1. Taking only the Cα atoms of the chain, how large is their convex hull per residue, in Å³?
2. What does the charge count around ARG163 come to, taking other residues whose C-beta lies under 15 Å from its C-beta (Lys +1, Arg +1, Asp -1, Glu -1)?
3. Starting at the first residue of the stretch 93-107, write each ³J(HN,Hα) from the Karplus equation 6.51 cos²θ - 1.76 cosθ + 1.60 with θ = phi - 60°, in whole Hz, x for Gly and Pro.
4. Remind me, relative contact order of the stretch 41-114 in percent, using alpha carbon pairs under 8 angstrom and six or more residues apart?
5. Taking neighbour Cβ counts within 10 Å as the exposure measure, how do SER51, SER114, SER17 sort from fewest upward?
6. Counting other beta carbons within 10 Å of each residue's own, what order do THR2, THR143 fall into, fewest first?
7. Please report the net charge: other residues with Cβ closer than 12 Å to the Cβ of ARG43, K and R +1, D and E -1.
8. For the pair GLN180 and ASP81, how long in nm is the line joining their label points, each one 7 Å along Cα→Cβ?
Amino acid sequence: MTRYPAIALLEFDSIASGTTAGDAMVKAAPIDRIQAGTIHRGRYLVLVGGSVAAVEEALMAGLRVGGGSVLDRVLLPDVHDEVHDAILGTRRDDRYDALGIIETETVAATVQASDAAVKGAAVHVREIRLGDGLGGKGIVWCTGAVADVQAAIDIGTGAIADRQTAPWSTIIPALHEEMQREIRATSRFRRSARKG
């Protein structure tokens, strides 16, 4: 997987405005990656990756064009590798003492909280989900020793404390084996037909 030194994400409440802003972003700077599309509740996300200068320039263009339809944004000029990979869909499956969860109203807040948490404490990012299947919310699952997960949750939620909506968070020490199995399979609810 190609890693980009910097990423930025803009979250819009209008698909039309988000698409127009995404076009402006890719035209404004020589970014290495753009990923854009709809998520639940009619929101639109634009993620760009590349050099710090290019990503900053693209972000500014998106903000100018998106104007009042920008719900939230995040710029990570030195994105952590685990956050980078989790945003692009990588899930980590390892043994751990505790599971920490941060759930936010916006996707951008989740990305920012995730990066702060993993940089500030000795934890791993297990999974990041952005919008779909969550009613537009974002969620990060991090793992490690209980004290480290507690520190990560505190750091992550502290990094987004200035946002309008408070994040939900929890720490589960010694997660039951059956619950671990469910989480290992997927964080999405699914029904499986079982013969009784």
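1. With only Cα atoms used, the chain gives 123 Å³ per residue.
2. Counting the neighbours of ARG163, the net charge comes to -4.
3. Here the 3J(HN,Hα) series is 10, 9, 7, 7, 7, 9, 10, x, 10, 10, 10, 10, 6, 10, 5 Hz.
4. Numbers: 26 pairs, mean separation 24.3, N = 74.
With pairs under 8 Å counted, the relative contact order is 33 percent.
5. SER51, SER17, SER114
6. THR2, THR143
7. -3
8. 2.5
Bear in mind that the values in this text are calculations on the coordinates, not laboratory data. In this text, all values refer to a predicted model and were calculated from it rather than measured experimentally. Methodologically, a virtual Cβ is constructed for each residue, glycine included, from the backbone with ideal geometry; neighbour enumeration extends over all protein chains shown.
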